[in-house]
Every structure is written in structure tokens, then in C-alpha cells.
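What follows is a set of notes on a single structure, which appears directly below.
A short reminder: the numbers here are calculations on the coordinates, not readings from a lab. The structure presented is a predicted model; accordingly, all values stated were derived computationally and were not measured. Positions of Cβ are generated from backbone atoms using ideal geometry, with glycine treated the same way; all protein chains shown enter the neighbour counts.
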Amino acid sequence: MEFAASDRIHRAQELGYVCQRADGTYDVASQSPDIVYGSGAFTTVFVGKEDAVHRAIELEHIERGPEPEKRLLAMRELGLLLGYPACCTKSYEAQQTQDESSSFARLLGNDASVQGHHANNLFLLDHQLISHFPCSLLCEKSAEVGLQALEICRSRTPTYGESLDILLRAPIRVWDRFRFLIQHPTLGELRPNQLSLEERVHRHPALRSFLSQLPLLPEGGTSVYWNT
């Protein structure tokens, strides 16, 4: 549970899960969506069964350590614990750096448009189904994880599940985690601040600048279309 809030932690504990906070705090960089460690007040909390949570804490500590080989092994094991497909973890660790900007650059490239599986749509902030960067927006293993989550949404809250399915399939133009525009088939253009209640999203300087300049768009941006 990244950017863990006390109410969410309390809810997880009520459901019987063990919750343990990882060491250190972080914030979001002012001009990019990249996380900056060692500052800010945000924290990560691992949630699950006791043994798995304790092991995740150990791996998180190793992953942030100075030894490259041990860091990679820890990253792979932690990805497995979190349910990330091995192919996605491998692509993530192969990046020169493991920040958001590098991950988005890998997925979007320099193309004006790309294709993806709608279950891999990780651009929807509070409404994304997957919590990892897939090896490709077309990755079938990653899509399986997303589709399982979508089925849970449908079974528990059918109206939201159906609305989410439509949202996931809507074409989107992406600049980064906080800057995108969605072309919804019935609601029209949707902006990032309409898809999240998180203060860290609404107060982000790059997003505020992006919104203030609309309909003028920044350079670049990649249009993503979803296979159905």
C-alpha cells in the first residue's frame, strides 16, 4: 500500500490483515511524478499474512541497499510476493533507473500512438487495476492480473465495475502519471483531477500548470488505444 493513509491501514487491520510500515518516507517530485526518498511524509505499508509481510519488509530494505546483485534478487522476490508477472519485473529491473519517468518512457517510447490491453491501463490513478509497470501494454500475464481485479469489482459493485470497464477502454493521451486526457464515449474529455481524490495529485505543480493551460497542450504526449 503506497502512499498509505491511516484510514486505509485501519480498514485493512479490521479485515484481519497484518500491516507493517517500511522504513523511510518519501514525496513526489514537483515537476515529475517521480518519487523522492528521504523527504516528505508519505510511507509504504505492506499488507497481508504475517510471514509474507515480514519478508517483504526485509526485501524492501535490501532493495534500497548498496549491493547491485542483492538488490536485483530482492526486487525479483518482492515482485513475486506482490503478484507481479515475472516478465514485468524483469523489464522493470532492466531499466537504467527504476523511476516513473523511465518506466513510462519504456512503455510509450517515441511513437505518436501505441496499442495496449485495457486491463493494463495504469494511467487512471485511483481507478487503475494493476499496481505494477507491465513489460508491455499488451502483456497478457499482466492483463490477467487486471482482469481478475475487474471481475472482483463487478461482483462486489456491479455498477462501478461496468463503468470502470468503459473507462479502461477509452482512448487516452498521456504525458506522464499526472498529465493525461481521456476521451470518454459518453462523458467527453476527462482530466486527471476528475479521477482522483488524493491531495498529492491535486496539489502537484506540474498538473496544476497543465490544467491551467488547457486547451493548449504541451509538446509530445502519446495516444494510447486499447484492444478489445
**Asked** Taking the chain as a Gaussian network, where each spring joins two C-alpha atoms under 10 Å apart, which residue of D51, D27, D99 fluctuates the most?
**Response** D51
**Prompt:** What number, in percent, do you get for the relative contact order of the chain if the mean sequence gap of Cα pairs under 8 Å and at least 6 apart is divided by its residue count?
**Reply:** 17 percent
**Message:** Would the chain count as rounded, prolate or oblate if I go by the C-alpha gyration tensor, calling it rounded below 1.5 in a/c and otherwise prolate when a/b exceeds b/c, oblate otherwise?
**Reply:** rounded
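What is the local net charge at E93, summed over the other residues whose Cβ is closer than 12 Å to its Cβ (Lys, Arg +1; Asp, Glu -1)?
Overall, the nearby charge balance is +1.
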**Asked** List the lysines whose alpha-carbon lies under 23 Å from that of K70, not counting same-chain residues fewer than 8 positions away?
**Response** K90
**Request:** Report ³J(HN,Hα) in whole Hz for each residue of the range 73-87, in order, from the Karplus equation J = 6.51 cos²θ - 1.76 cosθ + 1.60 where θ = phi - 60°; Gly and Pro get x.
**Result:** 5, 5, 4, 5, 5, 5, x, 5, 4, 7, x, 7, x, 4, 5
**Asked** 222 nm [θ] for the chain, helices only, -39500 (n - 2.57) per DSSP H run of 4+, per residue, to 500?
**Response** -13000 deg cm²/dmol
**Prompt:** Taking the DSSP beta bridges in the chain as the whole, what percent of them are antiparallel, to the nearest 5?
**Reply:** 80 percent
**Prompt:** Once phi is turned into ³J(HN,Hα) by the Karplus curve 6.51 cos²θ - 1.76 cosθ + 1.60 with θ = phi - 60°, what whole-Hz value does each residue of the range 121-133 show in order, with x for glycine and proline?
**Reply:** 6, 9, 9, 9, 6, 5, 10, 6, 8, 10, 10, 10, 8
**Prompt:** To the nearest 20 debye, what charge dipole does the chain have about its Cα centre, counting +1 at the Cβ of each Lys and Arg and -1 at the Cβ of each Asp and Glu?
**Reply:** 340 debye
**Prompt:** Counting other C-beta atoms within 10 Å, which of E63, E93, E58 has the fewest, and how do the rest follow?
**Reply:** E58, E93, E63
**Item:** Total formal charge among the other residues, if their Cβ is under 13 angstrom from that of L147, Lys/Arg +1 and Asp/Glu -1
**Value:** -1
**Prompt:** Given R₀ = 35 Å, FRET efficiency for D7-D165 by Cβ-Cβ distance, to 0.05?
**Reply:** 0.80
**Item:** Summed side-chain charge close to S212 - residues other than S212 whose Cβ falls under 14 Å, Lys, Arg +1, Asp, Glu -1
**Value:** +4
**Item:** Rounded, prolate or oblate (a/c below 1.5 giving rounded, otherwise prolate when a/b exceeds b/c) for the range 6-82 by Cα gyration tensor
**Value:** oblate
